[in-house]
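The structure appears below as structure tokens.
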Amino acid sequence: MIKNNMTIKIGGEAGQGMDTSGAGFARALVRAGLQIFANQDFMSRIRGGYNFYQLRVSDKPVYAPDDATQLVLAFNQQAIAQHLREIVPGGAIIHDAALKVDAAALAERNVHAFAFPFEAKALEVGRPAGMDPKHAKLMLNTAALGATAAITGLPFERIAQVIAENFGKKKGSAVADANLAMARWAYDQALQSADQFAWKLIPPADGVNRMILNGNQAIGLGAIAAGCKFISAYPMTPATSIIEFMTAQAKRFNLVTKQTEDELAAILFAIGAAQTGVRAMTATSGGGFSLMVEALGMAGMTETPLVVVDSQRPGPSTGMPTRTGQGDLLFLLHASQDEFPRIVLAPGGVASCYADTARAFNLAEKYQCPVLILTEGFQAFASRSVGVEEMPFEEFVVDRGKTLTDADLDRLTPGEYKRYALTADGISPRALPGHPNAVYTATSDEHTEYGRIEDEDPANRIAQHDKRMKKIEAMKREMRMPEWYGPKHAPLTLMGWGATRYAIREAVDLLNAEGIEANALHFIDIYPLDETRLANELAQAQRLIDVEGNSTAQLAQVVRVYTGRTPDDKILKYDGRPFTGAELARAVARMNTQAAKARARVPARSNEFLRVRAFP
Amino acid sequence: MIDVTTIKVMPEFRLLPKTYDGEREVTWCPGCGDYGILSAVKQALAQLQIPPHRVYFVSGIGCGSKLPDYVHANGYLGLHGRSLPIAQGVKLANHDLKVIATVGDGDGYGIGAGHFVHALRRNSDITMIVEDNKVYALTKGQYSPTSTRGWISSTTPDGALEVEFNPVVMAIAGGATFVARAFSGDPKHMAAVFAKAIAHKGFALVDVLQSCVIYNPINTVEWYRPRVYKLDDDANYNPRDYAAAMNKAHEWGDRIPLGVLYVDERPTYEEQVAALANGALAKQPLRGYSRATWDEFRAAVM
Ligand SMILES: Cc1ncc(C[n+]2csc(CCOP(=O)(O)OP(=O)(O)O)c2C)c(N)n1
Ligand code: SF4
């Protein structure tokens with residue numbers, strides 16, 4: 001028996017409800033005290049196509065998906081075709097009796113197939129409950145949950161509770177009862193085969209209840225924790241669920257959330273709100289961010305604190321909406337004309353999405369500039385069981401920098417307030433509009449210390465530009481160096497940023513377990529970084545392998561500009577899919593042998609769409 | 001902070017138009033219609049006794065958009081075409097401020113047209129004053145959306161091919177709750193119209209026929225003077241009558257109506273936002289929720 005360590009995949013067409021049943025199962029497991037990591041792989045269409053929900057379960061925290069699959073729930077033929085290869089020996093597939101499986105191929109790989117007449121039973125159970133065939137068929141989901149619980153040894157009550165919750169409230173008790181009956185029937189059927197399946201889910205006795213949140217929800221929650229009360233956005237996958245989440249929480253936390261006519265308006269609404277002193281944000285993907293670029297520069301020019309999230313998808317223009325990538329880093333560093341201070345953060349993992357978003361609001365007000373949060377599709381959709389202690393709300397300390405209080409403003413002499421006063425650190429005391437002692441304009445033209453248009457005077461231009469740019473020095477002192485993971489002074493260092501954090505960590509663990517000593521250097525704070533401190537960090541790396549979700553190694557380019565250090569090898573993936581630890585470990589191991597061997601000049605081929613380059 | 005809404009104005013503290021005088025030199029060309037607009041704006045604010053710190057101007061880029069730079073009041077001089085979303089963001093975050101957007105026709109109806117259409121529907125409680133000189137003045141005379149068809153400019157040497165944009169028709173059709181027209185050659189009437197627009201609860205558009213002495217040699221003060229007439233003089237005109245308003249909004253040429261074309265009542269956007277029921281967002285505490293609320297959230301995602 002293998003306890004509490006498995007991956008389950010639930011696959012079918014969009015509209016069949018795999019995400020609902022997957023999320024329901026995840027919830028049941030987490031309530032039982034287990035830990036989960038769940039991600040969805042879905043196409044950019046509303047009905048049809050092929051989607052799957054992937055659930056990794058453990059009794060320890062899990063941060064990334066795994067390649068190896070123990071159990072597949074197949075709702076259509078394609079689910080079988082797609083995942084059969086991934087099932088480990090001894091694993092199983094649960095499917096409707098009407099679907100075809102190649103028994104010989106299965107037997108050869110020692111994979112069990114458990115077939116049940118789910119659909120026939122659903123129609124039979126649904127009819128007396130007054131469900132039409134279309135709705136009755138949706139009960140496949142609950143049946144699959146029942147079967148999964150039985151096969152994995154989870155007590156029926158665990159899922160009965162979630163099913164009752166899912167259906168009890170909205171749909172009336174006849175439907176809820178029918179679903180429970182379906183689940184019970186499937187549970188009893190599957191129980192007979194349970195001893196053929198070695199992986200079991202046995203909730204720990206001392207299990208604590210955790211939250212289930214994805215990266216986008218964590219970003220929204222981090223914003224709320226920091227006192228953000230305003231989000232304006234235009235729907236764009238994979239960022240949409242940030243405004244959706246905050247809108248769902250608007251009544252609870254008294255937030256204003258606004259879907260605007262386009263992304264230009266989205267960022268401009270947020271700038272207007274921020275100008276009054278409200279902590280404000282917007283969220284989009286690369287295409288929408290492209291539209292926001294002019295206004296981003298305006299926020300830089302008027303020194304408006306603002307948080308902008310770019311949830312990356314692969315490809316220029318529309319690209320691949322539901323997929324993931326890391327192609328926007330250089331764009332965000334340079335977006336908008338001329339020069340102005342900005343901060344770029346790339347959170348890695350759910351807890352980091354929370355904490356670094358919250359931190360972004362303090363940084364934005366402290367340095368009176370836009371703070372850009374770079375996340376990506378994989379992280380936006382992937383959810384994890386998170387302990388309450390991982391998202392501390394009470395401890396967060398609000399830092400509004402040089403924002404003037406009413407008491408400060410009361411002491412001012414009317415007419416003397418300078419919004420853009422030249423100061424030693426470049427940060428000018430910021431009055432919020434509405435006080436009689438500080439009546440002022442903010443201006444996107446070059447401006448005087450008072451914020452009045454000054455398009456001509458060269459001395460004023462230099463003074464104001466230098467004032468703004470000076471803020472970068474203080475930022476550099478505050479920004480965090482990349483974090484190390486794994487054994488110190490390992491001969492091999494994997495370098496990455498943002499959402500690949502835990503896949504890289506897992507690769508490091510796997511490599512070390514295989515006897516290849518390696519560690520990782522991971523960036524969350526991307527810009528601006530102190531060059532000397534960064535060079536010192538990189539000096540500790542021996543053979544440096546850059547791992548990125550783009551084709552030109554964008555972080556490596558930045559690191560090279562700031563430190564002169566070039567990575568020895570690169571692992572670049574831009575097929576729209578996330579890295580897994582196992583895949584990375586294999587690529588590194590292969591590279592290692594290659595490098596050790598003839599120092600191959602030819603790029604290694606990979607059927608995993610990794611661009612692995614060995615540099616002679 | 002002093003809540004000015006509760007202050008009784010003593011005669012000696014009365015706000016006069018000069019209260020809003022800016023400290024800068026005005027750089028418009030001598031004879032520009034924008035001077036009249038500037039003075040009418042100050043008169044309207046004085047009429048309504050709104051102190052400078054409670055006013056928030058938002059503008060774009062263009063000759064007309066420089067207006068907030070010449071006024072003593074709060075303001076945000078933003079990007080070309082982008083004043084309305086900024087103005088609505090300000091209003092949503094602090095509805096205690098009187099928010100007034102002052103832009104040119106190119107800014108408001110050309111590059112900013114997308115925002116204009118949606119602001120009409122939204123009925124945010126802001127005022128939009130368009131300094132409509134029917135030309136792109138700051139960029140030296142190219143045609144604008146309100147330029148007459150056939151207008152000859154550096155980019156339309158054979159005359160503009162598009163029909164002109166009718167902002168007042170658009171505004172009425174689009175759901176604005178206050179639509180008016182004023183004329184830069186009649187500052188007194190203009191000030192009265194501005195005061196009504198600013199006092200109106202909801203989105204108010206005032207399209208101001210503005211003379212540009214440099215780039216618009218056709219729509220001059222002399223051209224307008226014999227053509228304009230005031231709707232206020234017509235006791236039978238009812239601006240709440242949609243069909244009548246649409247009729248008037250289409251009138252152009254020999255006779256051009258000035259004054260309030262259309263008025264409607266609809267809840268403002270801000271009035272309908274639950275989070276604003278307890279006062280302006282900017283005045284609410286940053287983390288105003290309790291520990292219990294947070295725990296409630298945690299329980300909901302468990
Ligand atoms: C994005 C952008 N495009 C173009 C410009 C150049 N520009 C400045 S003002 C203007 C047009 C001004 O016309 P209008 O808004 O009618 O104002 P006016 O100068 O006539 O008062 C243009 C095209 C700009 N500032 N920003
Ligand atoms: S160019 Fe025309 S609009 Fe601009 S300031 Fe001169 S007269 Fe006024």
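The values are calculated or read from the model by the stated rules, or taken from the named source; none is laboratory data. These numbers were taken from a predicted model, which means no experiment stands behind them. So basically every Cβ, Gly included, is an ideal-geometry build from the backbone, and we count neighbours across all protein chains shown. Calculation scope for accessible area: heavy atoms of the full protein, side chains included, ligands and nucleic acids excluded. Shrake-Rupley method; radii C 1.70, N 1.55, O 1.52, S 1.80 Å.
Descriptive notes on the structure:
- Partner chain coverage, peptide B:277-290 - average Cβ within 10 angstrom: 5
- Span from the region B:135-210 Cα centroid across to the region A:302-337 one, whole angstrom: 37 Å
- For the protein assembly as shown, the mean residue ellipticity at 222 nm estimated from helices alone is -10500 deg cm²/dmol, where every DSSP H run of n ≥ 4 contributes -39500 (n - 2.57) and the total is divided by all residues, rounded to the nearest 500.
- Built amide H within the under 5 Å cut-off of A:GLN312, gap 5+: A:THR375, A:GLU376, A:GLY377
- Measuring with a 1.4 angstrom probe and ignoring ligands and nucleic acids, B:ASP207 comes out at about 0 Å² accessible.
- The listed residues B:ILE111, B:ILE198 rank as B:ILE111, B:ILE198 when sorted by accessible area, largest first, using a 1.4 Å probe.
- In region B:29-268, the ratio of gyration radius to Kirkwood radius, Rg to Rh, stands at 0.93 when only Cα atoms are counted.
- Neighbourhood charge, 12 Å Cβ-Cβ cut-off, centred on B:ALA46 and excluding it, Lys, Arg +1 and Asp, Glu -1: +2
- Distances between every pair of Cα atoms in chain A, grouped in 20 Å steps from 0 to the bin holding the largest one, split as 19, 47, 27, 6, 0 percent.
- Taken per residue, the accessible surface of the protein assembly as shown reaches 38 Å², heavy atoms only and a 1.4 Å probe.
- Sequence of A:ASP445, B:ASP34, B:ASP158 from largest to smallest accessible area, 1.4 Å probe: B:ASP158, A:ASP445, B:ASP34
- Shielding by partners - mean other protein chain Cβ count within 10 Å, residues of B:88-100: 6
- Pairs from A:LYS402/B:LYS196; A:LYS258/B:LYS283; B:LYS18/B:LYS196 whose Cα-Cα separation, in the structure shown, is over 29 Å: A:LYS402/B:LYS196
- Centroid-to-centroid separation of region A:395-465 and region A:234-279 [C-alpha atoms, Å]: 26 Å
- Estimated FRET transfer efficiency when R0 is 22 angstrom, pair B:VAL213-A:ASP455 (beta carbons, to 0.05): 0.50
- Fully extending the segment from B:ASP295 to B:THR19 would add 94.3 nm, taking 0.36 nm per residue of separation and subtracting the current Cα-Cα distance.
- Taken along the Cα-to-beta-carbon direction at a fixed 7 Å, the label points for A:LYS60 and A:VAL561 span 3.9 nm.
- Across region A:316-331, rounded Karplus estimates of 3J(HN,Hα) from the backbone phi angles (6.51 cos²θ - 1.76 cosθ + 1.60, θ = phi - 60°) give x, 6, 7, x, 10, x, 9, 9, 10, x, 10, x, 9, 4, 5, 4 Hz, Gly and Pro being marked x.
- Pairwise centroid distance, computed over Cα atoms, of region B:30-100 with region A:343-380, Å: 34 Å
- In the complete set of protein chains, residue-level accessible area for A:GLU473 is approximately 100 Å², probe 1.4 angstrom.
- Charge tally for B:VAL206 (other residues, Cβ to Cβ under 11 Å; Lys, Arg +1; Asp, Glu -1): -1.
- Contour minus Cα-Cα distance for A:ALA539 and A:MET481 (0.36 nm per residue): 19.6 nm
- Net charge, A:ILE243 excluded, C-beta distance under 13 Å - Lys, Arg +1, Asp, Glu -1: -1
- By accessible area with a 1.4 Å probe, ligands and nucleic acids excluded, highest first: order of A:TRP497, A:TRP185: A:TRP185, A:TRP497
- Fraction of beta bridges assigned by DSSP in the protein assembly as shown that are antiparallel (%, nearest 5): 35 percent
- Scanning residues 5 or more positions from A:ASP67 or on other chains, those with amide H under 5 Å from its amide H are A:ALA582, with H placed 1.01 Å from N in the peptide plane.
- For chain B, the share of accessible area belonging to carbon and sulfur comes to 56 percent (1.4 Å probe, ligands and nucleic acids excluded).
- Modelled spin labels at B:VAL26 and A:GLN337, positioned 7 Å past Cα toward Cβ, are 3.0 nm from each other.
- 0 to 90° range, to nearest 10: angle between helix B:291-300 axis and chain B longest Cα axis: 80 degrees
- Once the Cβ-Cβ distance of B:ALA235 and B:ALA277 is raised to the sixth power relative to R0 = 41 Å, the FRET efficiency obtained is 0.50.
- Interchain or long-range residues, amide H under 5 Å from A:LEU306's placed H: A:CYS369, A:VAL371
- Beta bridges assigned by DSSP with both partners in region B:29-268 are antiparallel in approximately 15 percent of cases.
- Here each label is just a point 7 Å from Cα along the line to Cβ, and for A:ASN5 and A:ASP206 those points are 2.0 nm apart.
- Only protein heavy atoms count here; on that basis, with a 1.4 Å probe, A:ARG210 has an accessible area of about 40 Å².
- Solvent-accessible area buried by A and B, counting both chains, probe 1.4 angstrom, square angstrom: 5600 Å²
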